[in-house]
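To start, the structure under review is shown below, and the notes come after it.
Just so it is clear, none of the values below were taken in a lab; they were calculated from the coordinates. Keep in mind that what you see is a predicted model, and the values were worked out from it rather than measured. Cβ coordinates were reconstructed from backbone atoms using ideal geometry, including for glycine residues, and neighbour counts include every protein chain displayed.
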Amino acid sequence: MLKWSAIILGALAAIYYGTAWYIVPGALERPNNRVIEHAGYKVSDAARELHASLTIGDLHSDTLLWSRSVLDRADRGHVDVPRLVEGNVALQVFAAVTKVPDGRNYDENTGDSDQITLAAMAQAWPIATWSSLLERAIYQADKLHSAARRAPDALKVIQSRTDIDALLVERAAGKPVVGGLLATEGGHPLEGDIENINVLYDAGYRMIGLHHFFDNFLGGSLHGITGEGLNEHGRAVVKAAEERRMIIDVAHSSPNAVADVLDMATRPVVVSHTGIRGACDSVRNLSDDLMRRIAAQGGLIGIGYWEGAVCDISPAGVAASIVYAVALVGEDHVALGSDYDGGTQVAFDTSELVVLTEALLKAGLTKETIAKIMGGNLVQFLRANLPSGDA
């Protein structure tokens, strides 16, 4: 009798936890990654024709954080491969989120709390990820590589200029394949050990953010306590990343840290997901002067779609911030940086991206400028700054 009771209890426990792991991830994501309810957008034939001709790329999404396959169309969130194909997106940068403090305040945070530990447990990530930020980055990279191995005709991991060129050839031949490039959301997955840059590189990471919502061992965050610049360790990380041709992302770095990076950088940097302070006076956005410096050194600025970046999240509002950015830094230095699936509320998901092309046309930008912003600049930047891919 006891034996059967144990079996029944075990079965019930398995059903409970299996159900919980099926239900919890959706319940965790849905309130965080929302698309506001809207009627179908009206898009002109001219915009549809232009959009279909574009090579489109997005500098930032946090899709790998969530417990769903990028290969399957989801009923939540903003990005997956089927929706990328529907939106005609050729290239998506997937960032690994490894630590987020409670509150995620734009003004001030400490690194004393962490929401990702509970998210990792709730989504049944490997036990090693529960206590290691490096393991969280490796796990998210493995998710993308595994998806690409399962569906090589749908998704390819981009690690070099050779990979970019191969992707473009396939798309020119009419194949609806998407390229995914790995980035870190902050430098804390290094866990204080500069040698872990090699671990991240070997896992496929080619872009490294220095900070997220809190100060770390590299220096000050835009949302931290100190406002300090790069410290000695931060300078060493920038140097080591540049030596490996990893792209530096300063999206969440303090103004002092950004200035320090620009003072020492030998290669252009990106602000992967942001707004422009002059267009949207938000503490999330760097000053116009810093944005000019980034562009003057060959950098790329990805404009986001959420309120903290652009103030007005309508397609026209996002387009207005893009137009401002073009006027400020020039059309060769502006790109898309959605921050999709990053705990953001947006007015359109990636499958509806044609509505942004429509808004940019209505805002008066030329087709040539729109082509650069929607992806041409990103492709050119990656071809110039990624490893060559040669043996």
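Observations
- Share of pairwise Cα separations in region 78-121, more than 16 Å, in percent: 56 percent
- DSSP-defined antiparallel bridges as percent of all bridges, region 31-385, nearest 5: 10 percent
- Length released on extending from ALA327 to ASN105, taking residue separation times 0.36 nm less the Cα-Cα span: 76.9 nm
- Placing one equal scatterer on every Cα of region 143-200 and applying the Debye formula, the log10 ratio I(q)/I(0) at q = 0.22, 0.30 Å⁻¹ is -0.87, -1.17.
- The chain: calculated mean residue ellipticity at 222 nm from DSSP helix runs of at least 4, using -39500 (n - 2.57): -12500 deg cm²/dmol
- Inverting the pair-averaged 1/r between distinct Cα atoms of region 296-360 gives 12.0 Å as its Kirkwood hydrodynamic radius.
- Residues whose amide H comes within less than 5 Å of that of HIS60, counting only those at least five positions distant or on another chain, are VAL93, SER338, ASP339 (H built at 1.01 Å from N in the peptide plane).
- The distance from the alpha carbon centre of region 81-159 to that of region 328-351 is 18 Å, rounded to a whole number.
- Each residue of region 169-175 was assigned a 3J(HN,Hα) from its phi angle through the Karplus curve 6.51 cos²θ - 1.76 cosθ + 1.60 (θ = phi - 60°); the sequence is 5, 5, 5, 5, 7, x, 7 Hz, with glycine and proline shown as x.
- P(r) tail fraction, region 31-385 - alpha-carbon pairs more than 26 Å apart, %: 44 percent
- Phi-based couplings in Hz for region 180-185 (Karplus 6.51, -1.76, 1.60; Gly and Pro marked x): x, 10, 8, 9, 9, 8
- Across all directions, the shadow cast by the convex hull of region 236-391 built on its C-alpha atoms averages 9.5 square nanometres.
- Cβ-Cβ FRET estimate between ARG244 and ASP312, R0 fixed at 35 Å, reported to 0.05: 0.35
- Built amide H within the under 5 Å cut-off of CYS311, gap 5+: none
- Computed across region 131-244, the Kirkwood hydrodynamic radius from all distinct Cα-Cα pairs reaches 15.4 Å.
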